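Chemist: Following this message is one structure expressed as structure tokens.
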There are 2 protein chains.
Amino acid sequence: MPRTYLTPDHHKKRINRLKEKIDQEGIHTFLLFNSKNIFYLTGFSFIPTERPIVLIVHSGEVYFFVPSLEIDHVQHQVPFVSEVFSYFEYPDEQHPMHHLARVLEDELEISPNRVASESPGAPGYWGYKGPSLEDVTCLKFKILPDTVMDMRVIKEPEEIEIMRESSKWADRAHKYLQEYTEIGANEIDVTIRASAQGSHDMVAELGDAYHPTGFSMFPAIALYRGQIGSNSYFPHALSRGLTFKKGDTLVTGASSDVYGIESELERTMFMGAPSPRQKELFSAMLSAQDAALEAAGPGVKCSEVDRAARRVFKEKGVSNLVRHHTGHGLGMEGHERPFLDIGSEDILEVGMIFSCEPGIYERGLGGFRHSDTFVITEDGVEVTTKYPRDLSSLIIE
Amino acid sequence: MPRTYLTPDHHKKRINRLKEKIDQEGIHTFLLFNSKNIFYLTGFSFIPTERPIVLIVHSGEVYFFVPSLEIDHVQHQVPFVSEVFSYFEYPDEQHPMHHLARVLEDELEISPNRVASESPGAPGYWGYKGPSLEDVTCLKFKILPDTVMDMRVIKEPEEIEIMRESSKWADRAHKYLQEYTEIGANEIDVTIRASAQGSHDMVAELGDAYHPTGFSMFPAIALYRGQIGSNSYFPHALSRGLTFKKGDTLVTGASSDVYGIESELERTMFMGAPSPRQKELFSAMLSAQDAALEAAGPGVKCSEVDRAARRVFKEKGVSNLVRHHTGHGLGMEGHERPFLDIGSEDILEVGMIFSCEPGIYERGLGGFRHSDTFVITEDGVEVTTKYPRDLSSLIIE
């Protein structure tokens, strides 16, 4: 059975790792506001709204501060929570941050100089306004925005297994996307049908092994995002309800959410036999992707991977068509640090996961970009998305 | 033909309104980072990533500062843009904020004391790190996080027309959700099918009148979010792949995205004939929703609307089952200011749009909450979601 979720024991280990990290900085109490970081550490997934939700890691114990509508939800999802503190609602007659101040100072009796927070106050979201932590308490907060994000950069073996599973369902949904694409069809309709069928397969085949986190409405997606025909020239086009015509260059996207971990798969496809120029740009892009994957491995600089792809584009005389770097970290968000970019100072390490997606864009003709998900291994890389990359597999007759 | 989008002329009027507002504060140049605010003012929709994208409103003219992958995309979408400044990529060898500093100081020659920004620097997003605007320039920025959000609170007549259209498609998708719900079905499967069919209808029936912004993958959605049977007790449950059984209390959700404007529709439904307690709580919830809608109107305090719903819950002896306030502003985000909450100081004005969703939650039995979208009118309110609210329409046999 493939791994499709993590257990409370796994989350407790992460809490312990976090405790060790902050101990080294003399911090006993850490307040976390970022919803993905909270999920990473505790398995509690929730809808972020204007109502502040705070994870408090205090002397290695786990506390939550939540609005009343989340009290039982936390207790249900996080078996190892020590105590759930709450306020009724935002904005309410007393601002939640004043309740939080009381919890920190009176209930937890926090040491004034050994406390840190991800941000100076609750992040503004969906209309939230509020004072900073230092406005409402006598505590002096160290701001540590990167501590958990840094932990998330190196994926654990279990996360890599889950990323393989996510890649599998991205491949599946993409298969339907290609199958349903035909001249005259609307991109939105094809997107809907492929995502619906891919998600249906995933729910049916995984059965009880599927533990949705609720972050994504559709378990698997495969989509067009407006990169159709000459519009595929815009690297970050958005869906415009376009219809497919003969000769179009297409750039697709696919992913699936397995316990909050999301792979990335993109393909360049053609409506009918490609022209010599379409073939030429496709081939340059494919060579650049090969070169980047070949360059990558443990101990290599991120910048070197980007340079390898750029070198190919230069050799092929298409450097002027480049609009972005070669890739970005992957995990629980669309993009994560580090970046495969000539400006990056980071070194690749075993367990990092990236997209590999060098692209070129020619006005009038379109965009040429595959994206694959790959893991840094002891030996080099493992590409987890398996969808065919070669030209002949990607022509829609 | 119903209104389904706004034109560049409309956006230009908003830019002029913004100019008048900031002129009053002695501001000549305003930097905007919030993607929804940028769309509101210019019609430019884009995928927010770690790459900073900045709208610069300078002496009433519109400039953009974008990564190279968005240069042509902006020009394509915003016909009235004066100039698009750019940097190649993030992180790149030189940080984008240094490029921005050069644009502000050398190209636009901004007056050092008449400049404002929505935030002290680019918002941290998807792994972005960077200096503040004052770290990289000699300019003194006034921080105005609320200026555009305040403009967005009162909806223009055109936005209200679009909200009616969004409500219509939320109703349609919800019809499919109810139709597909049956004993033994999986919530995710029903969600997928209803959203796919509702979206299909919307794309097919609107045809060329549909101008997707790309913010939402599915034009119309109707979903279960885990609020099924005893799990519906959690007001903000998340999808867990539950199956429907006889006796379940269900709480649904539906919306559609018409030019970035999103209605809200939720219904409490029952799998088979409800028990006396289910009927009692449903009836209390319905009376509270009626009372809130009756209390609302121009000149009324937001807090009074919340109080009207709470009064009903108190009369019915279920105040202890309340977990949240009565509603929130609606527009381009899931929740917006102001809030229908006893702590709100805001006064209802013609053109504001809200959800009306007083709810009660009984452990073991479930949640009882309808949500409808309503507009404040000269005469009182107009409810734009039309889905049946009465008990007999919401029993699934």
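Chemist: Would you please give the residues with an amide H less than 5 Å from that of A:GLY121, counting only those at least 5 places away or on a separate chain, with H modeled from the backbone geometry?
Modeler: So A:GLY121 has HN proximity to A:LEU133.
Chemist: With only Lys, Arg, Asp and Glu charged, each at its Cβ (+1 for the first two, -1 for the last two), find how big the charge dipole of segment A:154-396 is about the Cα centre; round to the nearest 20 debye.
Modeler: 1380 debye
Chemist: I'd like the Karplus ³J(HN,Hα) series for segment B:75-89: coefficients 6.51, -1.76, 1.60, θ = phi - 60°, whole numbers in Hz, and an x wherever there's a Gly or Pro.
Modeler: 4, 5, 9, 10, x, 9, 5, 7, 7, 10, 8, 8, 10, 6, 6
Chemist: ³J(HN,Hα) across segment B:270-285 via Karplus (A = 6.51, B = -1.76, C = 1.60, θ = phi - 60°), whole Hz, x for Gly/Pro?
Modeler: Once rounded to whole Hz, the list reads 10, 8, x, 4, x, 6, x, 5, 4, 4, 4, 6, 4, 5, 5, 4.
Chemist: May I ask you to report, in nm to one decimal and beginning with the shortest, the distances from A:ALA204 to the same position in the other copies, taking label points 7 Å along Cα-to-Cβ?
Modeler: 2.1
Chemist: While we're looking at this one, here's another question. Please give the average number of partner chain Cβ atoms lying within 10 Å of the Cβ of each residue in B:86-94, rounded to a whole number.
Modeler: The per-residue average across the peptide is 5.
Chemist: Residues of segment B:334-357 that become at least 20 Å² less accessible with every protein chain present than in their own chain isolated, using 1.4 Å: which are they?
Modeler: Relative to the lone chain, where solvent access is computed with a 1.4 Å probe, segment B:334-357 loses at least 20 Å² at B:GLY334, B:HIS335, B:ARG337, B:PHE339, B:ASP341, B:ILE342, B:GLY343.
Chemist: Considering only chain A, pick the residue with its Cβ nearest the axis of the rotation onto chain B, and state the distance in whole Å.
Modeler: Minimum Cβ distance to the axis, with residue: A:ALA196, 2.
Chemist: How much accessible surface does B:GLU61 have with a 1.4 Å probe, in Å² rounded to 10?
Modeler: Here the residue's solvent-accessible area equals roughly 90 Å².
Chemist: Write down the accessible area per residue of the protein assembly as shown in Å², having rolled a 1.4 Å probe over the full set of protein chains.
Modeler: Roughly 36 Å² per residue, with all protein chains present.
Chemist: Counting alpha carbon pairs within less than 8 Å and at least 6 residues apart, what relative contact order, in whole percent, applies to segment A:8-151?
Modeler: This gives 23 percent for segment A:8-151.
Chemist: May I pose another question? Taking a label point 7 Å out from Cα toward Cβ, give me the nm distances from B:ILE143 to the same spot in the other copies, shortest first, one decimal.
Modeler: In nanometres, ordered from closest: 0.7.
Chemist: What does the structure give for B:300-307 when I average, per residue, the other chain Cβ atoms found within 10 Å of the residue Cβ?
Modeler: Details: counts 0, 0, 1, 2, 0, 0, 2, 0.
Per residue, the number of nearby Cβ atoms from other chains is 1 on average.
Chemist: If I model a spin label at A:HIS98 and B:LYS129 as a point 7 Å from the Cα along the Cα→Cβ vector, what separation in nanometres do I get?
Modeler: 3.8 nm
Chemist: Nearest 5 is fine: what % of DSSP beta bridges in chain A come out antiparallel, could you say? Before the final figure, lay out the partial values.
Modeler: On the way: 40 of 53 bridges.
The answer is about 75 percent antiparallel.
Chemist: Do any chymotrypsin sites (Phe, Trp or Tyr not before Pro) in segment B:44-115 lie in a DSSP loop with no more than 13 other beta carbon atoms within 10 Å, and if so, which?
Modeler: Within segment B:44-115, the qualifying chymotrypsin sites (Phe, Trp or Tyr not before Pro) (loop, at most 13 other Cβ atoms within 10 Å) are B:PHE80.
Chemist: Could you check what % of the DSSP bridge pairs in segment A:1-84 are antiparallel, to the nearest 5?
Modeler: Bridges in segment A:1-84 are about 80 percent antiparallel.
Chemist: Ignoring ligands, DNA and RNA, how do A:ASP9, B:ASP146, B:ASP379 rank by accessible area with a 1.4 Å probe, largest first?
Modeler: B:ASP379, A:ASP9, B:ASP146
Chemist: Divide by every residue of chain A the summed helix terms, -39500 (n - 2.57) for each DSSP H run of at least 4, and state the resulting mean residue ellipticity at 222 nm, rounded to the nearest 500 deg cm²/dmol.
Modeler: Calculated mean residue ellipticity at 222 nm is -10000 deg cm²/dmol.
Chemist: For chain B, build the charge dipole from Cβ charges (+1 Lys, Arg; -1 Asp, Glu) around the Cα centre, then report which of B:VAL115, B:TYR40, B:SER355 sits farthest towards its positive end.
Modeler: B:SER355
Chemist: Given the convex hull over the Cα atoms of the protein assembly as shown, what projected area results after averaging over all orientations, in nm²? Walk me through the numbers before you get to the answer.
Modeler: Working: hull surface 126.9 nm².
Averaged projected hull area, Cα only: 31.7 nm².
Chemist: Need one number: buried accessible surface between chains B and A, 1.4 Å probe, both sides summed, DNA, RNA and ligands left out, in Å² to 100.
Modeler: Interface between B and A: roughly 6000 Å².
Chemist: Could I ask something else about it? Can you list the lysines whose alpha carbon is less than 24 Å from that of B:LYS36, not counting same-chain residues fewer than 8 positions off?
Modeler: Straight-distance partners of B:LYS36: A:LYS36, A:LYS129, B:LYS12, B:LYS13, B:LYS19, B:LYS21, B:LYS129, B:LYS142, B:LYS155, B:LYS168.
Chemist: Given segment B:168-278 reduced to its alpha-carbon atoms as identical point scatterers, what log10 I(q)/I(0) does the Debye formula return at q = 0.14, 0.21 Å⁻¹?
Modeler: Results for segment B:168-278 at q = 0.14, 0.21 Å⁻¹ read -0.54, -1.05.
Chemist: Further question on the same structure: Pop out the carbon and sulfur fraction of the accessible area of segment A:254-387 as a percent, whole number, probe 1.4 Å. Let's see the in-between values first.
Modeler: Numbers: 2000 of 4250 Å².
Its accessible area is 47 percent carbon and sulfur atoms.
Chemist: Quick one: work out the % antiparallel among DSSP beta bridges in the protein assembly as shown, nearest 5.
Modeler: Antiparallel bridges: around 75 percent, rounded to the nearest 5.
Chemist: Starting from the 7 Å offset along Cα-to-Cβ, what nm value, one decimal, do you get for the label separation of A:CYS138 and A:TYR180?
Modeler: 6.2 nm
Chemist: In straight Cα distance, which lysines are under 25 Å from A:LYS246, not counting same-chain residues fewer than 8 positions off?
Modeler: A:LYS175, A:LYS279
Chemist: Identify, among A:PRO145, A:LEU330, A:ALA309, the residue whose Cα sits farthest towards the positive end of the charge dipole of chain A, taking +1 on the Cβ of Lys and Arg and -1 on the Cβ of Asp and Glu, with the dipole about the Cα centre.
Modeler: In chain A, that residue is A:ALA309.
Chemist: Along segment A:331-337, what does the Karplus equation 6.51 cos²θ - 1.76 cosθ + 1.60 (θ = phi - 60°) give for ³J(HN,Hα), rounded to whole Hz, x for Gly and Pro?
Modeler: Values, residue by residue: x, 9, 10, x, 10, 9, 5 Hz.
Chemist: Work out the length of the dipole vector of the protein assembly as shown about its Cα centre, built from +1 on the beta-carbon of each Lys and Arg and -1 on the beta-carbon of each Asp and Glu, and round it to the nearest 20 debye.
Modeler: Using Cβ point charges on Lys, Arg, Asp and Glu, the protein assembly as shown gives about 720 debye.
Chemist: What nm distances, shortest first, do you get from the label point of A:ASP390 to those in the other copies when the point sits 7 angstrom along Cα to Cβ?
Modeler: Computed spacing set for this position: 6.5 nm.
Chemist: Quick one: net charge of A:ILE228's neighbours, Cβ under 10 Å, K/R +1, D/E -1?
Modeler: Around A:ILE228, the surrounding residues sum to +1.
Chemist: Sequence-distant or interchain residues sharing an amide H contact under 5 Å with A:LEU348, placed H: which?
Modeler: A:GLY299, A:VAL300, A:LYS301, A:CYS302
Chemist: A follow-up question, please. Dipole size in debye (nearest 20) for segment A:167-207 around its Cα centre, Lys and Arg Cβ +1, Asp and Glu Cβ -1? All intermediate terms of the calculation are to be shown ahead of the outcome.
Modeler: Numbers: 4 positive and 7 negative charges, 27 e Å.
About 140 debye.
Chemist: To the nearest 0.05, what FRET efficiency results for A:SER283 and B:GLU349 with a Förster distance of 60 Å applied to their C-beta separation?
Modeler: The computed FRET efficiency comes out at 0.50.
Chemist: Measure off, as a whole percent, the carbon and sulfur share of the 1.4 Å-probe accessible area of segment B:8-151, all protein chains present.
Modeler: Values: 2550 of 5550 Å².
Reported share for carbon and sulfur atoms: 46 percent.
Chemist: List the residues of segment A:202-227 for which accessible area in the full set of protein chains is at least 20 Å² lower than for the chain on its own; 1.4 Å probe, protein heavy atoms only.
Modeler: A:VAL203, A:PRO212, A:GLY214, A:MET217, A:PHE218
The values are calculated or read from the model by the stated rules, or taken from the named source; none is laboratory data. Bear in mind that the values here come from a model prediction, so they are computed numbers and not experimental data. Counting neighbours? That spans all protein chains shown, and the Cβs are built from the backbone with ideal geometry, glycine included. Just the protein is used for accessible areas: all its heavy atoms, side chains included, with ligands, DNA and RNA removed. Shrake-Rupley method; radii C 1.70, N 1.55, O 1.52, S 1.80 Å.
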